[in-house]
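Encoded as structure tokens, the structure appears first; notes follow it.
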Amino acid sequence: MKPVRIAASLAAVAVALTAAQDPKTQTIEARGLKIQAPTTWKKVTPASPMRAAQIRVEPVDGDSYPADLVVFVFPGGGGGVEQNLERWRKLFKDANGEAPKIETKKIAAKGGEVTRAETSGNYQPSSGPGFPAEPARANARLLGAILLTDDAGYFIRMVGPDKTMKELAPQFDEMIKSLELGK
């Protein structure tokens, strides 16, 4: 075999090995919860000590701000599913100034059954002590996930511009399926 062919073959093997070692997901740990998120989603320092993890996703073309995913973990549960869905629903207002409907479905995850939620409208973030300052956002969408165990409640809330969030929804659903309790 000629040296040029050997070099080309070795280069092809190196590219293949690099691709095999470059996973499309990353593991993010949030106080006992393991999350497999796309590598394009960037882990950032949580804006509040209440947040177990925070991830930022760049907007799609045409949107002007990123999507933020936050994970809350509350020992003992942190309220039931319905209480938290209602809390999330009230973070949004429709064209009439009313809280819009929140759609839910169940998704099987490694860590148990997850309630997946979605709503949209004009985002009015919570404010007050312990809440980081966030601007109100028109035409926003929330994707959420709630996993309750005997030991804790795990709450994942992702909010961003509507177009970006619609594009991220399939990745969000794959992330939900990956939710696993730490061992």
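The values are calculated or read from the model by the stated rules, or taken from the named source; none is laboratory data. Keep in mind it's a predicted model, so treat the numbers as computed, not measured. Cβ sites come from the backbone with ideal geometry, for glycine too, and all protein chains shown count toward neighbours. All accessible areas refer to the heavy atoms of the entire protein, side chains included, with ligands and DNA or RNA removed. Shrake-Rupley method; radii C 1.70, N 1.55, O 1.52, S 1.80 Å.
Numbers at a glance
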read-out	value
Asp150 under 21 Å from Lys34 (Cα atoms), in a loop (DSSP other than H, G, I, E, B), without any contact (Cβ under 8 Å) to a residue 60 or more places away in the chain and over 16 Å from the mean Cα position of the chain (by Cα)	yes
Conditions (1) closer than 13 Å to Ala108 by Cα; (2) surrounded by fewer than 23 Cβ atoms within 10 Å (Cβ to Cβ); number of the one not met by Met175	(2)
Per-region count, segment 113-125, residues at pLDDT below 95 and either closer than 19 Å to Leu148 by Cα or over 18 Å from the mean Cα position of the chain (by Cα) (or both)	1
Filter result (in contact with a Lys or Arg (Cβ under 9 Å, 6 or more places away or on another chain), part of a strand (DSSP E or B) and within 20 Å of Leu181 (Cα to Cα)) within segment 90-112	Lys106, Ile107, Ala108, Ala109
Selection from segment 59-89 of residues that are among the polar types (S, T, N, Q), out of contact with any Pro (no Cβ under 9 Å at 6 or more places or on another chain) and in contact (Cβ under 8 Å) with a residue 60 or more places away in the chain	Asn84
Hey, Arg56 basic (Lys, Arg), in contact (Cβ under 8 Å) with a residue 24 or more places away in the chain and not in a helix (DSSP H, G or I) or not	no
Subset of segment 113-141 (residues that are free of Cβ contacts under 8 Å to residues at least 40 places away in the same chain, part of a strand (DSSP E or B) and either surrounded by fewer than 19 Cβ atoms within 10 Å (Cβ to Cβ) or hydroxyl-bearing (Ser, Thr, Tyr) (or both))	Glu113, Thr115, Thr119, Asn122, Tyr123, Ala138, Asn139
Only one of Asp68, Asp61 that is among the acidic types (Asp, Glu) and open to solvent by less than 50 Å² (accessible area, probe 1.4 Å)	Asp68
Number of the condition not met by Ser48 [criteria: (1) part of a strand (DSSP E or B); (2) out of contact with any helix residue (DSSP H, G or I) (no Cβ under 9 Å at 6 or more places or on another chain); (3) open to solvent by less than 20 Å² (accessible area, probe 1.4 Å)]	(1)
Counted residues, segment 71-103 - those being surrounded by 15 or more Cβ atoms within 10 Å (Cβ to Cβ), more than 19 Å from Glu134 (Cα to Cα) and of a type outside the set (A, V, I, L, M)	6
Single residue of Ala145, Ala169 found to be assigned to a helix (DSSP H, G or I), closer than 23 Å to Ala99 by Cα and touching a residue at least 24 places away in the same chain (Cβ under 8 Å)	Ala169
Subset of segment 142-158 [open to solvent by 20 Å² or more (accessible area, probe 1.4 Å) and in contact with a Pro (Cβ under 8 Å, 6 or more places away or on another chain)]	Asp151
